Each structure stands twice: as C-alpha cells, then as structure tokens.
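The values are calculated or read from the model by the stated rules, or taken from the named source; none is laboratory data. Just so it is clear, the structure is predicted and the values come from calculations on it, not from any experiment. Neighbour counts run over all protein chains shown; Cβ positions are idealised from the backbone, glycine included. To get the accessible areas, we keep the full protein, side chains included, count just its heavy atoms, and leave off ligands, DNA and RNA. Shrake-Rupley method; radii C 1.70, N 1.55, O 1.52, S 1.80 Å.
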Amino acid sequence: QQTISDPRPNTSGSSESSFGIEVQLARDPGAGRGGTSPWADVNLLVSAPGANDAFDQVGVIYSYRPTGSGSAPFALHQILRSGTPAPGNYFGAWFDVDQGLLVSTELGADELATSSGVIWAFEAVQQQDGTIDWIRMAKLIDPNAGQNNFSGFVALAGDAALVGSIGGTGAAPYTGNIGVYPSIRRSYWTGPLDGLWSDATNWTPVPPSPSR
C-alpha cells in the first residue's frame with residue numbers, strides 16, 4: 001500500500017493546504033483497458049486548494065503518473081496552477097476530469113468583480129517524449145459576473161459541464177444557480193483566452209487544437 005502525503009506542506013501562513021480534499025483518477029486519452037498494471041495509463045490528480053505557492057492559499061493540483069512499481073505505483077509528475085494566482089483564491093477547491101479535459105474552479109478570483117470566480121480548462125497533451133502533460137488552455141469567466149462565486153463547483157461529462165455559482169441569482173439574488181454548458185472546448189478554442197461562454201462568436205472552433 002502506498003501512502004501519498006502533501007509533497008509541499010505549508011510552512012508559512014495560518015492554514016493547512018487541504019491536500020487530498022479532491023481526488024480523481026483519469027485514464028489517458030486513447031488508452032486501452034488493462035495492461036501489465038491496474039494503474040497503467042492512469043493519472044492520479046490531487047488538489048490542495050489551501051496550498052501556499054506564489055502567495056498564501058493560492059491552491060494547486062498535483063498530477064501523479066504511474067511508476068511501474070507495485071509498492072509505490074505513483075510519483076509526482078506535474079503541478080497544475082492558476083494562470084493568475086492571488087492570495088486566498090483556492091484554485092483546485094473543486095475540479096473534474098473526463099476524456100482528456102480537466103476543469104478547475106478558482107472560487108476567490110477577482111475577475112470582473114470581487115470574488116466573481118473563474119474556471120480554468122486544461123487538456124492532456126502528449127509530448128514528443130511520449131509523456132502526457134496537462135496544458136492550461138483557457139480561463140473561462142461568468143458573463144453575468146458579480147460577487148457570486150462563479151465556480152462554486154464544477155462537474156464534467158465528456159466536454160459538457162455544470163458550473164455552480166453559490167452566490168448567483170436564482171429565485172432571488174444570492175440564492176445560487178447552476179450553469180449548463182454543452183461544450184467547453186467549442187467555447188475556448190475560439191477568440192481570446194478569456195472568451196465568454198455566452199458570446200456567440202466563441203462557439204465556432206478554429207485550429208490549431210491538440211483535440212482536433
């Protein structure tokens with residue numbers, strides 16, 4: 001049995017990193033089932049939304065890859081980060097992964113308003129040496145941003161997503177809502193990296209793209 005601990009526990013600041021609050025196993029895109037090890041072609045992803053990095057409580061997601069060892073099947077391979085880190089943003093508090101796409105919340109991000117929140121999209125891309133890395137592709141923002149904590153949670157099925165705004169307007173202001181987005185890739189492969197999901201000009205995919 002392997003025990004995986006926080007590889008970089010907080011040594012400053014007043015809070016813990018919350019390592020392991022979110023955990024996902026993701027099979028590499030195009031990988032078959034089985035193989036010589038039950039962990040072959042599997043990526044272990046562990047979030048630490050309170051981790052100190054560039055600032056205190058920025059948050060990170062750790063990516064572990066198979067080692068081929070029975071006693072220690074996973075080793076740290078990559079650290080996923082927000083593209084615009086800031087103290088107390090809690091990147092990775094919620095994330096989901098499916099079919100080579102990973103989306104992570106950054107709940108405290110001051111994007112269009114204080115604590116409006118953002119979603120970061122990553123794709124699994126095979127490098128020339130055969131390794132698979134997560135590449136940050138886009139920052140996705142709420143077209144109706146206010147102090148609504150867009151990205152209160154996120155869930156994926158294929159590249160369709162549900163995104164919760166825990167402070168968004170529902171039946172009444174600040175009662176919360178859920179946004180349903182049919183295709184994240186179609187929205188972020190067009191125009192600027194900070195494209196709005198509601199902008200019709202962001203719904204026509206354009207090359208190049210690792211997934212097309």
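Can you tell me how many residues in segment 84-108 are open to solvent by 10 Å² or more (accessible area, probe 1.4 Å), touching a residue at least 60 places away in the same chain (Cβ under 8 Å) and not in a strand (DSSP E or B)?
So the answer is 1.
On the given criteria, is residue 126 within 17 Å of residue 63 (Cα to Cα), open to solvent by 20 Å² or more (accessible area, probe 1.4 Å) and either modelled with pLDDT under 90 or among the aliphatic types (A, V, I, L, M) (or both)?
Criteria met by residue 126.
Restricted to segment 151-175, and to residues that are crowded, with 16+ Cβ neighbours inside 10 Å and not in a strand (DSSP E or B), which residue is modelled with the highest pLDDT?
Residue satisfying both the conditions and the ranking: 159.
Within segment 6-15, does at least one residue satisfy the condition of being among the basic types (Lys, Arg) and at pLDDT below 65?
no
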